[in-house]
Amino acid sequence: MKNYSIVSMSKVYESEDFYKPFLNNGEFIDCSDISGINCYADDIARRTLETRLENIPVNSIHFIDSGNFHYLSYLFLSRIEEDFELVLFDKHPDCKAPMFEEFLSCGGWVREVLFNLPHLKKVYMIGIDESLLYELDDLYDNRDRVEVISSYDLFMGNVLSKTNLPVYISLDKDVLSEDEVTTNWDQGEMTFAELTKYLEAILDRREVLGIDICGEPDTHEAGSVFSGNSRINTELLKCISSV
């Protein structure tokens, strides 16, 4: 997968440079002028975002800003027209019931995917904080379509060998340890080496329909935080593009 898109929701990417050498293979979409997008998208914002992103093919690597905008994954997933599975790397399940039904939120987009997208057959959650798994209780009958992965061996034996369905990968860098990178949410314990091991296995054994990556820092962070994220994003591009 060679092509990618940069979706700038907060202008954080203006402080990073990982994508600049590859601009001829990608597209930079500035959405920071849209109101009502931070942590959730109301109906008007959602329709505007759908229009702004409609020409970006799903089959790309999408950088979608900080975890506040992880709900953008829903917009890409909703365009998939074949049965597929979602592999989610995240410290948070993102399955909270919405306070307002008309809002698509960063904390509840996975729930919306499960309820609204019939082509999605399974969600595999990797790196989830076990103390947050109570969120899955609100999934009702859809709970059977979620599998929480606790180890690489379990993933290899129980996931990659089960079906041949294509997958979409959604990666929030808050799954990584603070020793690896700084995001704007509380973070997990995964090392970058562990993450790339998972990614390489998926890319080697399954058709990948698309990938999105979020987890950028807040725009007020120090320059070293931006350079650290830029470095990690560069390494992710190398990992994904090399398979």
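Of note:
- Positions within region 145-175 being open to solvent by less than 20 Å² (accessible area, probe 1.4 Å) and assigned to a strand (DSSP E or B), in sequence order: V146, I149, V167, Y168, I169, S170, L171, D172
Here is a yes/no grid of residues against (1) part of a helix (DSSP H, G or I); (2) surrounded by 13 or more Cβ atoms within 10 Å (Cβ to Cβ); (3) not aromatic (F, W, Y):
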{"position": "E101", "(1), (2), (3)": "no, no, yes"}
{"position": "K121", "(1), (2), (3)": "no, yes, yes"}
{"position": "M125", "(1), (2), (3)": "no, yes, yes"}
{"position": "R143", "(1), (2), (3)": "yes, no, yes"}
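- Matching entry among E178, E221 (being free of Cβ contacts under 8 Å to residues at least 40 places away in the same chain, more than 27 Å from L75 (Cβ to Cβ) and surrounded by fewer than 21 Cβ atoms within 10 Å (Cβ to Cβ)): E178
- Listed by first and then second residue, the pairs with beta-carbon distance under 9 Å, at least 6 apart or on different chains, first residue in region 82-106 and of a type in the set (S, T, Y), second buried (at least 17 other Cβ atoms within 10 Å of the Cβ) and not in a loop (DSSP other than H, G, I, E, B), are S105/Y40; S105/A41; S105/E112.
The values are calculated or read from the model by the stated rules, or taken from the named source; none is laboratory data. Since this is a predicted model, take the numbers as computed values, not measurements. Quick reminder, even Gly has a Cβ in these numbers, built from the backbone with ideal geometry, and neighbours come from all protein chains shown. Keep in mind that these areas ignore ligands, DNA and RNA; they rest on the heavy atoms of the full protein, side chains included. Shrake-Rupley method; radii C 1.70, N 1.55, O 1.52, S 1.80 Å.
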